[in-house]
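Asker: The structure under discussion is supplied below as structure tokens; questions concerning it will follow.
The values are calculated or read from the model by the stated rules, or taken from the named source; none is laboratory data. Everything numeric here is computed off the predicted structure, so don't read it as measured data. Heads up, the Cβs are rebuilt from the backbone with ideal geometry, glycines too, and the neighbour counts pull from every protein chain shown. Accessible surface areas use protein heavy atoms only, side chains included; no ligands, DNA or RNA. Shrake-Rupley method; radii C 1.70, N 1.55, O 1.52, S 1.80 Å.
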Amino acid sequence: MIVIVIIMSTIIFVWVVPTFTSNTGQDNTGAAYYEKFETIQGQFATFVQSTPETVRNSPPPSTPYQTCTLSSPVILATSANIFVPSNSVCVITASVGNVFVSSGANLTVVGSTINGDLNANYSSSVTLRNANVSGFTGLYNVSVVSISGGSFNTSGNGAAMYGGGRGSFTMTGATVTGQVENEVGHQTFLIGNRISGNLEVESADQGQIINNTIASLDLDQNGVIVISGNTVNSYVVYGTNGWCATGNNRVSGSISGNCVGNTEVDVMNTGSIPVKLIAVYLSNTALAGGLSWRLASGHLAQCGAAQSLTCTQLPIMIPVGDMAQITMGWTPPPGAFALPWNYIYFIFVSSHSNFVDGYLYFSIGLGLSMQSRLENRICPPCY
């Protein structure tokens with residue numbers, strides 16, 4: 001019975017705690033226990049802010065109109081225009097005419113059609129679930145916009161949607177015939193949409209443009225912007241963005257401007273032997289390029305067979321008591337990100353199979369300083 005328990009314990013240990021792949025070396029000298037290193041600080045788009053821009057003004061409501069409040073929702077089809085008073089709640093589940101949402105008001109439209117324009121002015125929230133808007137959609141300084149599914153400006157007459165103001169804007173799985181313009185957003189997320197016209201995102205503090213099919217893409221003056229997995233049937237323009245990362249896009253036309261998303265982590269050698277970092281992972285993917293590092297002491301770094309103040313290759317050699325300031329170019333991995341996306345996960349692996357990992361958060365940098373440890377793992381996925 002004792003033998004069976006020992007065998008089962010060994011099987012469980014081997015299954016739960018797998019080993020590093022061939023990226024790491026074998027250590028038979030015990031030096032791994034003398035090697036120690038830790039993260040000191042990190043930078044990921046820290047304090048990057050967008051450039052402000054003037055938000056358009058909302059047009060007045062269409063008259064005459066029918067008032068919609070919590071006590072009088074629209075559940076029967078009507079050709080009347082709908083007016084949502086200030087600080088009220090309106091639910092629409094039937095076909096209507098134009099819709100206007102006043103300041104502080106909340107609008108929810110589910111599975112119905114707005115046969116005209118939708119305009120919201122300083123409203124608290126606008127939620128559209130599988131809704132159809134045949135006219136123009138104007139969202140002016142709305143605190144929270146949530147759009148899932150549905151179609152917009154099916155007539156296809158030029159601009160289809162405008163969103164402006166320091167709020168949260170999320171649109172997923174929608175079909176837009178025409179142009180979409182989003183300006184001065186705090187958080188702007190566009191995931192898995194089909195847009196027949198130009199998509200313009202400007203002055204967003206934080207933006208994600210992921211897995212969309214669009215005619216063209218125009219970005220400028222954003223704080224932190226990630227563009228991944230999109231199909232762009234014409235051109236892409238990267239303007240002046242504070243922090244920009246792109247990858248896995250299919251672009252048929254020209255690409256102008258640069259999109260560079262660098263991250264930085266400082267790693268200190270706190271042990272009694274030199275540290276040799278031989279592998280780096282960002283978002284559970286081995287670093288493909290864009291590496292640059294130097295020693296905080298200002299001493300020459302061992303860079304391959306030569307010595308240099310700045311090195312652009314692995315391994316990263318950190319003398320005892322010194323610190324490496326490591327800059328890495330980040331490419332978004334394939335697939336959609338869980339929302340809200342606000343961090344990058346990283347791992348450094350040494351030649352003695354020690355590793356240190358951590359999270360770089362938007363606006364605050366390194367979440368927690370971590371000490372290296374010796375643990376058998378498989379990377380990737382490095383969970």
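Asker: Which value, in Å² and to the nearest 10, is the accessible area of S363 when all protein chains are kept and the probe is 1.4 Å?
Answerer: Near enough 40 Å² of accessible area.
Asker: Please report the antiparallel percentage of the DSSP beta bridges confined to the chain, to the nearest 5.
Answerer: If I count the DSSP bridges inside the chain, around 35 percent turn out antiparallel.
Asker: Could you calculate, for segment 111-224, the ratio of the Cα radius of gyration to the Kirkwood radius, expressed as Rg to Rh? Numbers along the way, then the final one.
Answerer: Details: Rg = 12.4 Å, Rh = 13.5 Å.
Reported Rg/Rh, Kirkwood definition of Rh: 0.92.
Asker: Oh, and also: For the chain, take the longest principal axis of its alpha carbons; what is the angle in degrees between that and the long axis of helix 2-16, to the nearest 10 within 0 to 90?
Answerer: 60
Asker: Based on the mean of other Cβ atoms within 10 Å per residue, sort peptides 107-118, 246-257 so the most packed one is first.
Answerer: In descending order of packing, they fall as 107-118, 246-257.
Asker: Same structure, new question: Could you rank L314, L287 by how accessible they are, 1.4 Å probe, largest area first?
Answerer: Per-residue accessible area, sorted high to low, gives L314, L287.
Asker: Here's something else I'd like to know. Where a ≥ b ≥ c are the square roots of the eigenvalues of the C-alpha gyration tensor, would you call segment 33-121 rounded, which needs a/c under 1.5, or, failing that, prolate if a/b is larger than b/c, or oblate?
Answerer: prolate
Asker: Would you please put 232-243, 123-134 in order of how densely packed they are, using the mean number of other Cβ atoms within 10 angstrom per residue and starting with the highest? Don't jump to the answer; show the numbers that get you there.
Answerer: Working: 232-243: 18.0, 123-134: 20.9.
Those peptides, ordered most packed to least, come out 123-134, 232-243.
Asker: Considering only protein heavy atoms and a probe of 1.4 Å, how much of the accessible area of the chain is carbon and sulfur, as a whole percent?
Answerer: After summing per-atom areas, the C and S share lands at 56 percent.
Asker: Something else now. Within the chain, what is the longest stretch that has no GluC sites (Glu not before Pro) placed in a DSSP loop and near at most 14 other beta-carbon atoms within 10 Å?
Answerer: It runs 54-374.
Asker: I've got another one for you. Compute the semi-axes of the equivalent ellipsoid of segment 188-280, taking the square root of 5 times each eigenvalue of the Cα gyration tensor, and list them largest first in whole Å.
Answerer: Working through the eigenvalues yields semi-axes of 34, 14, 12 Å.
Asker: Going 7 Å from the Cα of S134 in the Cα-to-Cβ direction, what parts of segment 157-201 have a backbone nitrogen less than 15 Å from that spot?
Answerer: Within reach of a label on S134, which here means backbone N under 15 Å from a point 7 Å along Cα→Cβ, segment 157-201 contributes 157.
Asker: Calculated from DSSP H runs of 4 or more alone, at -39500 (n - 2.57) each and per residue, what is the 222 nm mean residue ellipticity of the chain, nearest 500?
Answerer: -1500 deg cm²/dmol
Asker: Write down the accessible area per residue of the chain in Å², having rolled a 1.4 Å probe over the full set of protein chains.
Answerer: 44
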